[in-house]
Each structure stands twice: as C-alpha cells, then as structure tokens.
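Heads up: the structure comes next, in structure tokens.
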Amino acid sequence: MEIEKIDNWGLPLKKPFIIAGPCSVETPEQLDKTVAQLVSYGIKIIRGGVWKPRTRPNHFEGVGEIALPWIKEVKEKYSVQFAIEVAKPYHIDKALEFGIDMFWIGARSTANPFTVQDIANALRGVDVPVWVKNPVNPDIGLWVGALERIHQAGVRKLGAIHRGFSNFNDRVYRNSPTWQIPLEFMTQYPDIPMLNDPSHISGKRELIASVSQMALDLNFDGLIIESHIDPVNAWSDSAQQLSPMALSDLIRILQPRTIAIDDPFLKSQLEIIREHIDEVDRELLEVLGRRMKLVEKAGEYKKHNNVAIFQIERWKEVFETRPDWAKALQVNPEFVKELFKLVHSESIRKQEQIMKDKLRENVGDQ
Ligand code: PEP
Ligand code: MN
C-alpha cells in the first residue's frame, strides 16, 4: 500500500503524537471544559465519540449529530483538530459538513468487511486522514483488509490504531494487548503509522501508564487516550478516562525511545550482542533439528509396531515436565508451555507423514 508520510499530513504534532479527548461528546459544557484544559496542556488534536457503538442495546449510544455544531465551535474557539468515529456513509457526510478533520473506524466496524466497504465507498474523493482500529478479534488479515479497502478508495493519509482484542478470561486487561499482532503489522507495513489506544486496552485508569510506555518502547508513533473533565461521571467508559491534568502528568513521565542509535560505541556494543544472539539461534535450530530426527525415529518405530502416533500419557508428561525444567533454568514456564504446543503439533505432523507413507507403501504392495 502506498501511504502518505505522516509528516505530510499537515498535523500540528511531533512524535510521539498524542490525540486525547472524551470517550463521548456529552454536552456543550463538558466538551468545552475538557478541550479548554487539554489545550492548556498542549494537546492539539481532540478525539470524541458522536455515534457510539455499544455491545449491548439500551446503553448510551452517543448524542449523535447534535454534537457536530458543538464540535465546530470548540474547533474554532481553541484552534484544534477533531477526530471522530464513523461507521456509516451518513456519518461521513454529516461530519464533513461540519469540518471534522479526521476519522477513525471502530473495532467492531473493522471486523465487518460489508461495513468497511460501505465506509470506503463514502470516502472516495475525501482527503481526510483515516485511522483504522484493529478488529475486536485477533485477526491481522481483517485489519489489513480494512486498510486495503480504504486505500483502494483513494485514501492515502491512512493509519492504524492498536486497541487490543476481546478475550474470554483476561483478568488484567479489558482488551488483551497481544502485542505480537501490532508488531507483526508494523513489520509487514512499516510505512503505515501506528497509534496505541491504552484506554480501551486497559479498561481502568491504573493500567494506562504502563500500556502507554510499552507502546513507546515498541516504537509506536503515538497514543490516542480518553480524557474527560469529570472522568468518574462520564456517560461512557468512566473507569478508563483520565482527567486532563492526569493526562498531562502521564505525558510528562512517559519516556520516548529513539530508534536510531547514533553513538558509534553503543552501536558496536549492540552489534556484538546481536551476533551472539545469531549464534545462539543457530545452536537452537541445530538442537531442534536433532529433536525432530528423534521424533522421526520414534515415528518409524511406531510404524513398524503398529503403535498409535498420539499417546496422551506421553504428551501429558512432556507438557508437565518442560515448564518445570524451564523454571529451574529461569526461563518463563508459560512461554515454554506455548513453545512445546508448537513442537507437539510439528511432531505429530511429521509422524503422520511417516504413517501416510506406510499406507501408500501397503496399498502399493497389493
Ligand atoms: C472508542 O474509541 O470510543 C471506541 C468505541 O473504541 P473501540 O472501537 O476501540 O471499541
Ligand atoms: Mn471509549
């Protein structure tokens, strides 16, 4: 995808970009007071939901288009840009009428290609930056697909927002960050700017600082954070919004990281460490190769003696012992458990191949 460099989007921002504002626009007073304070702390792009997608009906669904003239007024009064969520062609038409500067596509919309295509069609010929949130489910293909649809409509000021993924039993996060997905995205599409939304990942104020710092450590381009003049009494997402003052404290403590290492000494030290890592990875692969040869040998044995490939007792033992061994070696046992699930499926695949070859030989014999 050919993307316009974010430096050419005409944004009043320096990296790391911060977009902040309420989950929802509620009243003209709430909007004015929130924006006034955010601006006094240096925020230049405001977010605010006008139409809110809610998981269940009969919850506050945003005040709708009556918010658009209020937004127009604060934009003029405080010289800020304003971003809202759009989910239907009608939202886009109305928002453009009131000079909204930037759109984002919500996580529930990204998950639905019909919706994304309708939005894309409505964006044809519109020169407004569009941010695409990750879909609610951890599917990088759906996320990329949504960006491609918007790109095909001619939008070139295009970015992605990582807001975490729905989960069944994550006790810490409202939406699990599953960082490997945005990292994979950034590796595949280094030109697409990526923001992190620590508010919807965290679900609670206490976690926002650590999620934000993690995003900066991973070289995200910026953050989109919910901030409300009176967070506790917010009409939506009250547990996760920060007051403008708390937001400014957070921005002050965050440590931006520089990706380029200019100091030649630091650079050469890092190169030495990376060479060691390369060596160790080669050793790891040699050991893995030896393991797979043994798996093949066991497969041949099972084949000759008509033993089933999958023996539950054996794998129970493997899954129980390896995390313990890992702990003794100060390696994260949870990581090792996941690793051995992969090793297990590859071992089964290899042995199945051996059995299939046998079947073919037998059929051939007859
Ligand atoms: C929002 O940003 O207010 C929102 C509804 O987010 P998401 O689409 O990530 O749930
Ligand atoms: Mn919200």
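The values are calculated or read from the model by the stated rules, or taken from the named source; none is laboratory data. Given the structure is predicted, the values throughout are model-derived calculations rather than measurements. Cβ: placed from backbone, ideal geometry, glycine included. Neighbour counts: every protein chain shown. Keep in mind that these areas ignore ligands, DNA and RNA; they rest on the heavy atoms of the full protein, side chains included. Shrake-Rupley method; radii C 1.70, N 1.55, O 1.52, S 1.80 Å.
Identify all residues within the stretch 44-80 that are over 20 Å from residue 108 (Cα atoms) and within 16 Å of ligand 1 (Cβ to nearest atom); write none if there are none.
Scanning the stretch 44-80 gives 45, 46, 67, 71.
Yes or no, residue by residue, for (1) hydroxyl-bearing (Ser, Thr, Tyr); (2) in contact with a Pro (Cβ under 7 Å, 6 or more places away or on another chain); (3) at pLDDT 95 or above:
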site	(1), (2), (3)
11	no, no, no
15	no, no, no
32	no, no, yes
37	no, yes, yes
47	no, no, yes
51	no, no, yes
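Scan the stretch 109-135 and report the pairs whose first residue is touching a residue at least 12 places away in the same chain (Cβ under 8 Å) and whose second residue is of a type in the set (S, T, N, Q) and open to solvent by 20 Å² or more (accessible area, probe 1.4 Å), with Cβ atoms within less than 7 Å and a gap of 6+ or a chain change.
Qualifying pairs under 7 Å: 109/115; 111/137; 120/152.
What are the residues in the stretch 102-161 that are crowded, with 19+ Cβ neighbours inside 10 Å, within 16 Å of ligand 2 (Cβ to nearest atom) and over 16 Å from residue 195 (Cβ atoms), if any?
Within the stretch 102-161, 109, 136 qualify.
With 36, 95 as the choices, which residue is small (Gly, Ala, Ser) and within 16 Å of ligand 1 (Cβ to nearest atom)? Before the answer, list the steps.
Values: 36 fails: within 16 Å of ligand 1 (Cβ to nearest atom).
From the options 36, 95, the qualifying one is 95.
Do any helices (runs of 4 or more DSSP H) lying entirely in the stretch 58-135 carry at least 1 residues that are touching a Ser or Thr at 6+ places or on another chain (Cβ under 9 Å) and farther than 25 Å from residue 40 by Cα, and which ones are they?
Hits in the stretch 58-135: 107-110, 113-123.
May I ask you to list pairs of residues, at least six apart or on different chains, whose Cβ atoms are under 8 Å apart, with the first in the stretch 290-308 being without any contact (Cβ under 8 Å) to a residue 24 or more places away in the chain and the second being open to solvent by 60 Å² or more (accessible area, probe 1.4 Å)?
Filtered contacts from the stretch 290-308: 307/301.
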